[in-house]
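Down below is the structure, laid out as structure tokens.
The values are calculated or read from the model by the stated rules, or taken from the named source; none is laboratory data. Keep in mind that this is a model prediction, so the values were computed, not measured. With ideal geometry, Cβ positions are generated from the backbone for all residues, glycine too; neighbour counts draw on all protein chains shown. Heads up: the accessible areas ignore ligands, DNA and RNA and are worked out on the full protein's heavy atoms, side chains in. Shrake-Rupley method; radii C 1.70, N 1.55, O 1.52, S 1.80 Å.
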Amino acid sequence: MLKVGLTGGIGAGKSEVSRLLASYGAVVVDADKIAREVVEPGTPGLAAVVAEFGPGVLTPQGALDRPKLGAIVFADESRLAALNAIVHPLVRARSAELESAAADDAVVVHDVPLLAENGLAPLYDLVVVVDASEETRLERLVGLRGMTPAEARARMAAQATREARLSVADIVIDNDGPLEALEPRVREVWEGLRERASDGRSEA
């Protein structure tokens, strides 16, 4: 098994790379998706969040009211730490379950937005960084996601710098160009990952 960490700044195109790798046969473990799953109604995770933050963080239907919870935790670092102490272990456990269910020669891609920020590179055999210039990312966030330039810059500034992400990369996928230029590069990277996995090699 080859464990790959996939990351990239907002607007770089990491989600599209993740989708392409999954279409080729990678086992994709999406940290954001799992973080939502572990606090769905009826889960121990949601019960723990309610015990910590009170029933006011629920919608009338009993689901997590994410905007309300976000307003609490992003205004207070100690409350954010309390939330992370609940959610992160559950995400790690579920990620480990998905990984252990994969075949011995699988390429398991962990889609982790904050890989560089949280110092997670050592957990993986290889780190793949999807890279694009700040100008390109800003253009995408404004044009495709409807953010204002100020909102987009704030979101970008809240993440690791481009240099910090590139410093942990074993493989860089340049996504500064059009979408049609991305697929051949991702396929090339995939072939290399498959070869490493089948050979049992994990070194960079």
By residue number, the members of region 42-86 that are in a helix (DSSP H, G or I), in contact with a strand residue (DSSP E or B) (Cβ under 8 Å, 6 or more places away or on another chain) and touching a residue at least 12 places away in the same chain (Cβ under 8 Å) are 46, 49, 57
Could you tell me whether any residue of region 130-139 is within 29 Å of residue 171 (Cβ to Cβ), open to solvent by 60 Å² or more (accessible area, probe 1.4 Å) and not charged (D, E, K, R)? no
Just the residues that are under 18 Å from the mean Cα position of the chain (by Cα) and of a type in the set (S, T, N, Q), please, taken from region 138-173. 159, 161, 167
Any idea how many residues of region 1-41 are closer than 27 Å to residue 157 by Cα, among the charged types (D, E, K, R) and surrounded by fewer than 22 Cβ atoms within 10 Å (Cβ to Cβ)? 6
Could you tell me how many of the residues in region 47-70 are touching a helix residue (DSSP H, G or I) at 6+ places or on another chain (Cβ under 7 Å) and within 14 Å of residue 36 (Cβ to Cβ)? 4
Being surrounded by 12 or more Cβ atoms within 10 Å (Cβ to Cβ) and touching a Leu at 6+ places or on another chain (Cβ under 9 Å) narrows it down to one residue among 106, 82; which is it? 106
Can you confirm whether region 157-176 contains a residue that is farther than 23 Å from residue 5 by Cβ and open to solvent by 40 Å² or more (accessible area, probe 1.4 Å)? no
